[in-house]
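J.: Got a structure for you, questions after.
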Amino acid sequence: MEFKEVVGIRRSIRYFDADRPVEREKIQKILEAMRVASCAVNAHWLRAVVVQRSEIPEAILDSLKTPVTALVQELAPVHIYCYLDTGIVKRVEGKRLKELVDVGALNPSHGWTHKFVDEFVYPQILVPFSEDPAYPVAAAFDCGGAGTQGLLTAVDEGLGVCWTAFNADPAKEMMDIPDDWLPLYVMNVGYPLESREAGGQRPRPPFEELYFEGKVGRPFPRDPEVVAGLEQEKMITTPAPLPSRKQEVRDLSRTLGLPE
């Protein structure tokens, strides 16, 4: 698919074919997409642990579930548990920034040298940043970007994907998670039982309520011609609910033995 169509067809899939395995190469592609994502100071905070749901003991799987995510976690054949490694900045110091200097991504024209990293950026910016209470929030922004690249890659590979919360304590014990990794979300992955459209593009707030130009209160003008172009490129698709959605959900519920 073209990129805009991948964005447009993405849905939070909640009905998976629980018995159909996901090919390892597709899981790797998801992780590869996460790895090449943009990341501030080249830190790469995101860590992920891939777990086959069939290998999780039933009692532990039940302990991982939350009240609003239980069925998704139960149906998805693959769980990718995502974490923020808070200790990475101090462990690597400025090494990864100096790698960017060496390959010409950060250059003297912008003030970058090994000395600048060692004497200024690391001790005066990165260390205080990593000790600031807001540090995990800022780092989580980059983790979200990397995770989204993985998610869109899964969609491009014909898979269904849904982010959900999970109970961190049993997950930590099950996967030997280090103490300085903060739990984020689990990416539930599998082949969807529901249609790709999954009832249509989900409701979202009006464009003008979200984005502004110059200052808050001055909405960024939404050009109808741009919208029409994105509809043609399939990034903006038919809004939910599609006429067939309720019947689709009833049929899926009957097939899976779920409440209607």
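FYI, it's all coordinate maths here, none of it is from the lab. Worth saying up front: this structure is predicted, and the values here are computed from it rather than measured. In this analysis, Cβ positions are derived from the backbone assuming ideal geometry, glycine residues included, and neighbour counts consider all displayed protein chains.
J.: Name the residues in the stretch 26-59 that are buried (at least 16 other Cβ atoms within 10 Å of the Cβ) and β-branched (Val, Ile, Thr), would you?
T.: ILE27, ILE30, VAL41, VAL49, VAL50, VAL51, ILE56
J.: Quick one: which residue in ALA168, ALA105, ALA134 is of a type in the set (A, V, I, L, M, F, W, C) and either touching a residue at least 24 places away in the same chain (Cβ under 8 Å) or touching a Leu at 6+ places or on another chain (Cβ under 9 Å) (or both)?
T.: ALA168
J.: crowded, with 19+ Cβ neighbours inside 10 Å, part of a loop (DSSP other than H, G, I, E, B), of a type outside the set (Phe, Trp, Tyr) and touching a Phe, Trp or Tyr at 6+ places or on another chain (Cβ under 8 Å), is that true of VAL89?
T.: For VAL89, the condition - crowded, with 19+ Cβ neighbours inside 10 Å, part of a loop (DSSP other than H, G, I, E, B), of a type outside the set (Phe, Trp, Tyr) and touching a Phe, Trp or Tyr at 6+ places or on another chain (Cβ under 8 Å) - is not met.
J.: Then there's this: So if I check each of ARG24, ARG96, which one is in contact with a helix residue (DSSP H, G or I) (Cβ under 6 Å, 6 or more places away or on another chain) and free of Cβ contacts under 8 Å to residues at least 60 places away in the same chain?
T.: Within the list ARG24, ARG96, the selection yields ARG96.
J.: If you scan the stretch 100-152, which residues turn out to be among the charged types (D, E, K, R) and outside any helix (DSSP H, G or I)?
T.: ASP132
J.: Within the stretch 45-68, can one find any residue that is among the aliphatic types (A, V, I, L, M), in a loop (DSSP other than H, G, I, E, B) and under 18 Å from the mean Cα position of the chain (by Cα)?
T.: Within the stretch 45-68 (the criterion being among the aliphatic types (A, V, I, L, M), in a loop (DSSP other than H, G, I, E, B) and under 18 Å from the mean Cα position of the chain (by Cα)), the answer is no, since none of the residues qualifies.
J.: Being surrounded by 14 or more Cβ atoms within 10 Å (Cβ to Cβ) and of a type outside the set (Phe, Trp, Tyr) is the requirement here; does GLU209 meet it?
T.: no
J.: Can you name the number of the only condition in (1) at positive phi; (2) surrounded by 14 or more Cβ atoms within 10 Å (Cβ to Cβ); (3) not hydroxyl-bearing (Ser, Thr, Tyr) that GLY217 fails?
T.: Going through the list (1) at positive phi; (2) surrounded by 14 or more Cβ atoms within 10 Å (Cβ to Cβ); (3) not hydroxyl-bearing (Ser, Thr, Tyr), GLY217 breaks only (2).
J.: Then there is this: Just to be sure, is THR113 touching a strand residue (DSSP E or B) at 6+ places or on another chain (Cβ under 7 Å) and surrounded by 13 or more Cβ atoms within 10 Å (Cβ to Cβ)?
T.: When the stated conditions are applied, THR113 does not pass them.
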